[in-house]
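Please read the structure below before turning to the comments.
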Amino acid sequence: MGYRWRDILIGIVILAAIAGAIWMGLDKDDGTEEAVEQRQTEGTKEEPSGETTKAAGEEQPEEGFQAPDFTLNTLDGDKVTLSKNEGKPSLINLWASWCPPCKMEMPYLQKAYEKYGDQVNFRMVNLTSLDNKDKMIDYLKEEKFTFPVLLDETGKVGQKYMAFAIPQTYIVDEKGQVIHKITRTMTEEQLEEIMKELTS
């Protein structure tokens with residue numbers, strides 16, 4: 001009888017030892033809840049990449065994004081679509097005839113148009129819904145500006161480009177991506193530098 005109890009006790013000790021070994025092994029194993037959580041956390045860590053990647057084709061009036069597309073009528077009645085650029089870069093200038101800072105850069109834009117108009121699309125967008133069309137036409141005639149003027153008669157393009165202050169100029173490459181955004185009056189030197197960059 002004594003031997004039987006001794007065998008039972010030995011069996012219990014052995015089972016306890018085996019259970020302890022299994023428990024210790026699980027505690028160290030990567031399959032524990034803490035280890036799984038840690039592995040998931042490590043798996044989701046990303047190397048810092050600096051700037052957030054911009055979605056391909058996402059339109060925003062900001063550098064690195066696709067320029068918002070538009071179709072507008074010119075003063076001559078032709079339709080112009082930004083994305084139909086004939087493989088050329090584009091300059092988009094948002095302006096109004098009552099805006100003194102806009103008028104300051106107009107002679108520079110006219111000069112750049114005469115020099116680079118065959119290599120760069122000039123999209124001179126008049127915010128017509130906020131302007132006086134007749135006065136705008138008189139102004140163009142008086143100054144003898146010949147660049148093509150696009151009419152934003154509904155104000156939608158101004159809204160798309162967030163033209164809360166003008167002049168605003170966007171330089172867009174042949175793929176339609178904004179590469180420069182200028183929210184102040186350009187100098188002649190600045191504009192010439194941009195034109196050389198686009199056409200070199």
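The values are calculated or read from the model by the stated rules, or taken from the named source; none is laboratory data. Quick caveat: nothing in here was measured; it's all calculated off a predicted structure. Here the Cβ positions follow ideal geometry from the backbone for every residue, glycine too, while neighbour counts run over all protein chains shown. Surface accessibility is based on the protein's heavy atoms, side chains included, excluding ligands, DNA and RNA. Shrake-Rupley method; radii C 1.70, N 1.55, O 1.52, S 1.80 Å.
Among all residue pairs at least 6 apart or on different chains, which show Cβ distances below 7 Å where the first residue, located in segment 78-102, is at pLDDT 95 or above and the second is basic (Lys, Arg) and surrounded by fewer than 21 Cβ atoms within 10 Å (Cβ to Cβ)?
Filtered contacts from segment 78-102: Ser97/Lys135.
Six or more apart or on different chains, Cβ atoms under 9 Å: show the pairs whose first residue is in segment 172-200 and over 18 Å from Leu82 (Cβ atoms) and in contact (Cβ under 8 Å) with a residue 60 or more places away in the chain and whose second is open to solvent by less than 50 Å² (accessible area, probe 1.4 Å) and part of a loop (DSSP other than H, G, I, E, B).
So the pair list comes out as Arg184/Pro167; Thr185/Pro167; Met186/Pro167; Met195/Val120; Thr199/Pro89; Thr199/Val120.
Restricting to segment 45-58, name every residue that is open to solvent by less than 100 Å² (accessible area, probe 1.4 Å) and either at pLDDT below 50 or not aliphatic (A, V, I, L, M) (or both).
Ser49, Gly50, Lys54, Gly57, Glu58, listed by residue number.
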